[in-house]
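Trainee: Here it is, the structure in full.
We did not get these values from a lab; they are worked out from the coordinates using the rules stated. Because the structure is predicted, anything quoted here is derived from the model rather than measured. Glycine also receives a Cβ, built like all others from the backbone with ideal geometry; neighbour counts cover every protein chain displayed.
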Amino acid sequence: MAITHEDPTTLVLIETRGSVRIITINRPHKRNCVNGPTARALYQAFLDFETDSTASVAVLTGAGGNFSAGADLAAIQNQDDANPLSSDWPDTLPGPIGPMGPTRMTLSKPVIAAISGFAVAGGLELALWCDIRIVDTTAILGVFCRLRGVPLIDGGTIRLPDVVGRGVAMDLMLTGRAVKAQEALRIKLATCYPSSYETVSETNALEQAVALAETLAKHPQICMRGDRLSTHFSRPIREAMLKEFELGMESLTSGEFMQSIAQFFAKKETARL
């Protein structure tokens, strides 16, 4: 398979609006799938956000109408493009890089996901890492990797039940079905701004998220960040994610996974003909 070389400096775009930092995954031709270079760029972007005293709230989004369709499965065939896969997790903040980039980080400041289009598989894991998920009418969320034999390996099995409850999480994780924006509001997987679990906003998710971020940036920061961080520390996630990673690696090294991926790419190639 031919490898398309991309400019690593454009994989993630950074924009500053006052005290709001907008971080955009910029691989629209791949529905913002994340490969190794993109994961590293995302990690660095959030590391810079964390250490920048002028930035109070971050918004994570995707270019070209999609949030992220997950890990780039084509990257597994090229070592330079492969996502980071390591069980090395030193017990120091803000935390190490994860397969999707920042998903093992614990930041001191809030992050909002602005979801238009697909936020599925690893893309859903990225969204779940964020503190708040904002959707618009185009949003589609789901554990689509279930259909490809690809495990949730970056916090999805831990964070999804925390957000929507074990029963709903099991439904989504085992079926791999699509969750459109209105249902995402109903099951409290996402919201709109101004806050609503009733009606999906027609306003673009990024515009909503930036408005919310600007509101959060006006709050007394020490108090807000302390309450937020206390919530993150109320449940040790490191050990749970390491167990998830161990089980996921068993799946990734299995014959079932390689067969599923081969079938996936064979179907894509046939569709091109």
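Trainee: Report relative contact order for the chain in percent, whole number only (criteria: Cα-Cα under 8 Å, sequence separation at least 6).
Mentor: The normalised contact order for the chain reaches 17 percent.
Trainee: GNM on the chain, C-alpha springs below 10 Å: top fluctuator among 42, 11, 174?
Mentor: Among 42, 11, 174, the largest GNM mean-square fluctuation belongs to 174.
Trainee: I would also like to ask the following. Arrange the following residues from fewest to most other Cβ atoms within 10 Å of their Cβ: 235, 31.
Mentor: Ranked by crowding around the Cβ, least crowded first: 235, 31.
Trainee: Who wins for biggest fluctuation among 126, 172, 229 in a Gaussian network model of the chain, springs between alpha carbons below 10 Å?
Mentor: 229
Trainee: So if I average 1/r over every pair of distinct C-alpha atoms in the chain and take the inverse, what Kirkwood radius in Å does that give?
Mentor: 18.8 Å is the Kirkwood radius here.
Trainee: Provide the gained length on full extension for the span residue 15 to residue 211, in nm with one decimal, where the gain is 0.36 nm per separating residue minus the Cα-Cα distance.
Mentor: Between residue 15 and residue 211, full extension yields 69.1 nm more.
Trainee: Over what distance in Å are the Cα centres of the range 204-270 and the range 53-96 separated?
Mentor: So the two Cα centres are separated by 9 Å.
Trainee: Need the list of lysines near residue 218 for cross-linking: C-alpha distance under 17 angstrom, and skip anything on the same chain fewer than eight residues off.
Mentor: Within reach: 109.
Trainee: Given springs between every Cα pair under 10 Å in a Gaussian network model of the chain, which of 104, 133, 186 has the largest fluctuation?
Mentor: 186
Trainee: For a Förster distance of 25 Å, can you work out the FRET efficiency between the beta-carbons of residue 108 and residue 250, rounded to the nearest 0.05?
Mentor: With R0 = 25 Å, the Cβ-Cβ based efficiency is 0.15.
Trainee: Helix-only estimate, please: 222 nm mean residue ellipticity of the chain, summing -39500 (n - 2.57) across DSSP H runs of length 4 or more and dividing by its residues, to the nearest 500.
Mentor: Rounded to the nearest 500, it is -12500 deg cm²/dmol.
Trainee: Of all alpha-carbon pairs in the range 73-215, indicate the percentage at a distance above 18 angstrom.
Mentor: 57
Trainee: Average projected area of the Cα convex hull of the range 1-65, in nm²?
Mentor: 4.6
Trainee: Starting from the Cα of residue 52, step 7 Å toward the Cβ, then list every residue of the range 214-237 with an amide N under 16 Å from that point.
Mentor: 214, 217
Trainee: While we're here: What is the percent of Cα-Cα separations in the range 38-152 that go past 23 Å?
Mentor: 29
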